[in-house]
Amino acid sequence: MTSNSSTEPSARRRLRIVSWNCHGSIGRGGRCDPERTLAVIAALDPDILALQEVDGRSHLGRRALAFEFFAARLGGYLVEARTVPRERRDYGHLLWSRGRVLRSGVHFLPGGRIEPRAAVDAVCQTALGPVRVLATHLGLGPWSRRVQARFLASTIGADAGQLVALGDFNEWRQGGPVDAALCERLPVRVSVPSWPARWPLVHMDRLYASSAFQATARAVPAWMAHASDHLPLVVDLLPAEPSGITAAPGPRRTSLP
């Protein structure tokens with residue numbers, strides 16, 4: 001995936017992170033279109049991408065070998081969490097990085113009563129230096145989400161350094177148990193309405209970051225609402241100002257800067 005980023009010094013220091021539940025590449029009209037998914041990703045031009053519902057379950061109308069498709073087309077560096085493995089029909093989520101992945105692993109989360117849940121844990125080389133990224137897709141049940149969020153929080157030390165956690169947290173209520181568990185360790189939060197894509201009302205897709213960063217949510221073009229049942233969450237990170245923590249959500253459904 002080629003970069004359209006500016007060569008200005010401020011742009012080189014910016015880190016663009018995208019979290020998107022691509023819904024198995026099924027958008028409006030019920031058509032599975034991985035090429036459309038790639039077009040959205042290319043237009044957003046992320047440095048780091050967390051992509052949920054990578055879905056090769058062809059018996060449910062998805063395209064087989066979904067992980068292999070994205071690995072071949074995205075380039076860069078990938079870490080996969082195949083939570084429901086089947087031959088040629090794996091389901092799960094992935095983390096993609098433009099820069100080299102220095103270290104990676106996958107945590108399988110507690111409380112996966114409906115389906116297994118996991119979190120990718122990777123350190124990525126970026127324009128801001130090494131950044132640890134926790135990328136996840138939490139469970140549907142309130143109890144599962146609570147124990148999974150506590151587990152994620154337990155992996156974060158007292159000094160988080162440069163760390164972000166992001167993904168589809170499946171929590172409808174702002175200030176809920178997931179939010180409380182992660183904000184205690186990662187006080188910079190960005191969440192904007194992202195679901196359902198056509199009339200976004202719920203802050204399911206979020207980014208939490210350590211106080212090493214200031215964060216700004218970026219708008220996405222209206223056409224991206226056709227590509228999934230979630231809108232992408234697009235966040236630009238910069239080093240924190242000496243005065244403190246900044247998290248500034250922006251408007252939705254306009255053009256990216």
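The values are calculated or read from the model by the stated rules, or taken from the named source; none is laboratory data. Note that the coordinates shown come from a computational prediction; the quantities given were computed from them, not determined experimentally. As a convention, Cβ positions derive from the backbone with ideal geometry for all residues, glycine included, and neighbour counts pool all protein chains shown. Quick note on the areas: whole protein, heavy atoms, side chains included, nothing else; ligands and nucleic acids left out. Shrake-Rupley method; radii C 1.70, N 1.55, O 1.52, S 1.80 Å.
In table form, for the structure just shown:
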| read-out | value |
| --- | --- |
| Mean residue ellipticity (222 nm) of the chain, computed from DSSP H runs ≥ 4 via -39,500 (n - 2.57), nearest 500 | -5000 deg cm²/dmol |
| ³J(HN,Hα), Karplus 6.51/-1.76/1.60, whole Hz, each residue of region 70-83, x for Gly, Pro | 5, 4, 6, 8, 7, x, x, 10, 10, 10, 9, 10, 8, 7 |
| Per-residue ³J(HN,Hα) for region 193-206, Karplus 6.51 cos²θ - 1.76 cosθ + 1.60, θ = phi - 60°, Hz, x for Gly and Pro | x, 10, 9, x, 4, 5, 9, x, 10, 10, 8, 6, 9, 9 |
| Sequence ranges 164-173, 119-128, ranked by mean other-Cβ count within 10 angstrom, highest first | 164-173, 119-128 |
| Karplus (6.51, -1.76, 1.60) ³J(HN,Hα), θ = phi - 60°, over region 149-159, in Hz, Gly and Pro reported as x | 5, 5, 4, 4, 4, 5, 7, 9, x, 4, 9 |
| Read-out Rg/Rh (Cα atoms, Kirkwood Rh), derived from the coordinates shown; its label in [x] 0.93; [y] 1.07; [z] 0.99 | [x] |
| Rounded accessible area per residue of the chain, 1.4 Å, Å² | 42 |
